[in-house]
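The structure under discussion appears below in the form of structure tokens.
The values are calculated or read from the model by the stated rules, or taken from the named source; none is laboratory data. Here the structure is a predicted model, which is why all the values come from computation and not from measurement. Here Cβ is always computed from backbone atoms with ideal geometry, including for glycine, and neighbour counts include all displayed protein chains.
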Amino acid sequence: MLQEHDILLNSRVGELVANDFRSAHIFSQFGIDFCCGGGITLERAISRFNADKEPLLQALSSLMVTGDKQQGLDQLALPQLIDYIEATHHSFVREKAELLLDYSQKMVRAHGEKYAEIKPLAGWIRALVADLIPHLNKEEQILFPAIRDLHQGVAKQHCFAHLSHPINAMAYEHDEALQIMAKIRALTEDFQPPSHACTTWRVCYASLAEFEQDLIQHINIENNLLFPQALALTAQ
């Protein structure tokens, strides 16, 4: 158990979440920022966020012996990891974004004049979609092909001087998307519909909660697995 705890303490928070997304809920319970603060070790995070060390380690250790764990992403080669991101998370964003826009506009038409939160919510959903869809396109058309070329040792001319430039830009846009998502969470009171909410309203809030969960997983995989491994290749 001590050795297991040592491994956890020396692991980066973001890597732990990327390898087992259930740990995100545990970090939230203990007040640890696992996304923007995911680049530090668990030991440093415990100190920084004044988390209760032993219960946290016990909770994380319990994940290692239970099922339903998404394993092996850190074992994938970069092209396969990119394929996974595109097939799993990029496709999810595109599918759900259209639905969220539709739900929110229906809510505006039906309830926008009566309930003050509806129109601002629709505005933030539009902002989130407007932020994410071009972001996905830039990754798929610029960054991901460059990472594939780098992994395969193919020398090609790209529209940037160093791979760190688009990676830094994408990481910045990740932060922007999470900030918008945080505003949506606050506006919806943690995605809890009021008692008078209609079916579309309830479905919209449930879809937003699902969207946030996927977005956190998506960003953690890129920030804490894909990007560091790609940058490591540039140093070889």
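Every residue, every condition in (1) modelled with pLDDT of 95 or more; (2) under 13 Å from the mean Cα position of the chain (by Cα), yes or no:
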{"residue": "GLU173", "(1), (2)": "yes, yes"}
{"residue": "ALA177", "(1), (2)": "yes, yes"}
{"residue": "ALA197", "(1), (2)": "no, no"}
{"residue": "ALA209", "(1), (2)": "no, yes"}
{"residue": "HIS218", "(1), (2)": "no, yes"}
{"residue": "LEU225", "(1), (2)": "no, yes"}
{"residue": "GLN236", "(1), (2)": "no, no"}
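Would you confirm whether or not segment 142-159 contains a residue that is of a type in the set (Asp, Glu) and crowded, with 18+ Cβ neighbours inside 10 Å? Working first, answer last.
Of all residues in segment 142-159, those of a type in the set (Asp, Glu) come to 149.
Within this subset, residues satisfying the condition of being crowded, with 18+ Cβ neighbours inside 10 Å are none.
No: segment 142-159 contains no residue that is of a type in the set (Asp, Glu) and crowded, with 18+ Cβ neighbours inside 10 Å.
Would you check which residues across segment 98-117 are without any contact (Cβ under 8 Å) to a residue 40 or more places away in the chain and either among the charged types (D, E, K, R) or within 23 Å of GLU140 (Cβ to Cβ) (or both) and list them?
Those that are without any contact (Cβ under 8 Å) to a residue 40 or more places away in the chain and either among the charged types (D, E, K, R) or within 23 Å of GLU140 (Cβ to Cβ) (or both): GLU98, LEU101, ASP102, ARG109, GLU113, LYS114.
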